[in-house]
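A short write-up of the structure that comes next.
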Amino acid sequence: MSKPKFQTPTGMHDILPQDQVYYEKIQEVLKKVFSFYDFEKIDTPILEDANLFVRSVGENTDIVEKEMFTLRTKGKDFLALRPEGTASAMRAYIEHGFVSLPQPVRLWYYGPFFRYERPQAGRYRQFNQFGIEIIGEKDPIIDVQSILVMYSILHDLGLKNLMVKINSIGDDDCRSLYRKALVKYLREKKSTLCSDCQRRMKVNPLRVLDCKNEKCQETLSSAPQSVDYLCDECKKHLKDVLEYLDELKVPYCLDSRLVRGLDYYTRTVFEIISTRESENMGDALAGGGRYDNLSKMLGGGEAPACGAAAGVERIVSEMREIKAKVNFPSVPEIFFAQIGPLAKKKSLPILEDLRKAGIKVGEAFGKDALKAQLGKASRLGAKVVLILGQREALNNMILVRNMQTAKQVEVSQEDIIKEVKNILKEK
Ligand code: AMP
């Protein structure tokens with residue numbers, strides 16, 4: 001078969017009807033967990049000023065350098081399809097004066113994000129994320145709450161074998177000491193690094209730690225670690241975070257290579273991965289961290305904060321693989337069949353009455369032959385079939401056939417709902 005002329009753009013995908021159950025399950029769990037933890041939903045535009053991301057995520061990050069979909073409007077505004085959610089949430093916090101609300105402000109969001117990435121398993125150019133931002137509090141317990149909320153959602157979706165990877169990259173002062181030590185080390189090992197890392201080493205050295213190249217990984221195994229350069233305050237912050245995690249018994253491991261190279265992160269950074277053996281083992285399902293300077297980077301005041309985001313497609317793929325429990329749509333127990341033009345005309349109002357009474361009804365209006373309609377009823381496993389023929393349509397009656405007992409009665413159309421409810425109760 002030849003390929004259809006039009007297909008989804010590279011790296012983008014349709015969410016087909018049969019997959020919607022997973023997305024609905026995620027929405028259901030999000031609502032429950034966010035309501036418990038008192039998060040309020042925010043929706044921000046899909047397009048933002050591109051410089052919002054340049055300023056916050058950072059000029060020398062992959063996201064901004066290579067992955068942003070940007071456009072110029074007719075009015076010459078430079079916009080970007082949002083690649084992530086934190087910058088927009090902080091923009092909204094500043095723009096709407098949320099600083100005057102009781103702090104911290106707890107926000108959550110869900111929606112599509114866009115990154116011009118090389119498409120591969122678990123990596124799309126349009127994907128969905130849900131995320132949280134807790135803005136206006138510097139206490140380390142907030143870092144742990146961010147982790148816990150994401151962990152609880154994944155757990156409630158049925159995902160097991162979850163592991164939190166955690167690290168601290170310090171604040172501006174200790175990070176700059178660490179960066180210096182790292183650059184010194186990388187310079188000495190320059191010839192063992194891939195060409196990408198040799199470039200990153202100059203513009204964003206922390207990013208080198210993320211490199212998946214085997215030779216680079218080998219070199220990095222003895223690289224300096226950020227935790228060894230933390231100032232006393234950052235050290236205490238990390239210690240507190242780990243102690244809270246110990247209390248919660250959330251499985252975690254310190255990962256000195258985890259830096260999540262976006263410019264806005266400070267202190268805690270984390271990812272949640274699945275350790276289940278699979279093709280995508282180790283890919284982050286969720287990631288986040290503290291971003292105490294972001295508000296100031298965007299022209300706002302002091303607003304320490306912490307947040308996280310999770311990739312919905314990756315979660316769905318994991319749910320599918322472990323056969324997580326989802327709610328498949330209920331099939332109608334009642335089927336409506338009609339014979340002849342007058343009956344067909346009277347069908348829609350009868351179906352409306354059943355819908356208003358909360359009774360789900362199947363039909364096959366495109367088919368006129370009773371046999372074909374009953375065929376569909378039996379495929380659906382309908383318990384009751386309502387049959388409206390020419391004679392019944394004229395007399396305001398309807399035939400009600402109980403498919404389990406094969407008993408058929410004629411009732412007045414006014415009594416359909418009562419009759420159907422009785423049969424359904426009998427089961
Ligand atoms: P990040 O905003 O990069 O921290 O990503 C947070 C989460 O979003 C990741 O842990 C992934 O689950 C998901 N994610 C990020 N980029 C993509 C992508 N290109 N395609 C699918 N999911 C993604």
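What follows is calculated from the coordinates using simple rules that are stated; it is not laboratory data. Everything quoted here is computed from the prediction, not taken from an experiment. Virtual Cβ from ideal backbone geometry, glycine too; neighbours counted across all protein chains shown.
Put the Cα centre of region 306-360 next to the Cα centre of region 367-387 and the gap is 18 Å. Report the one residue of 294, 251, 316 whose Cα lies farthest in the direction of the positive end of the charge dipole of region 187-338 (charges on C-beta: Lys and Arg +1, Asp and Glu -1; origin at the Cα centre). Of 294, 251, 316, it is 294. So for region 148-222, Kirkwood radius off the Cα pairs, Stokes-Einstein at 25 °C and 0.890 mPa s: how many µm² s⁻¹? Value of D from the Cα-based Kirkwood radius: 170 µm²/s. In summary, the chain shows an alpha-carbon radius of gyration equal to 1.30 times the 2.2 N^0.38 Å reference for compact globular proteins. Exposure proxy shown here: for 290, 55, 82, 72, the number of other Cβ atoms within 10 Å sets the order, fewest to most, as 72, 55, 82, 290.
Residues whose amide H comes within less than 5 Å of that of residue 170, counting only those at least five positions distant or on another chain, are 267 (H built at 1.01 Å from N in the peptide plane). Sorting the segments 180-192, 219-231, 1-13, 258-270 by their mean number of nearby beta carbons within 10 angstrom, highest to lowest, gives 258-270, 219-231, 180-192, 1-13.
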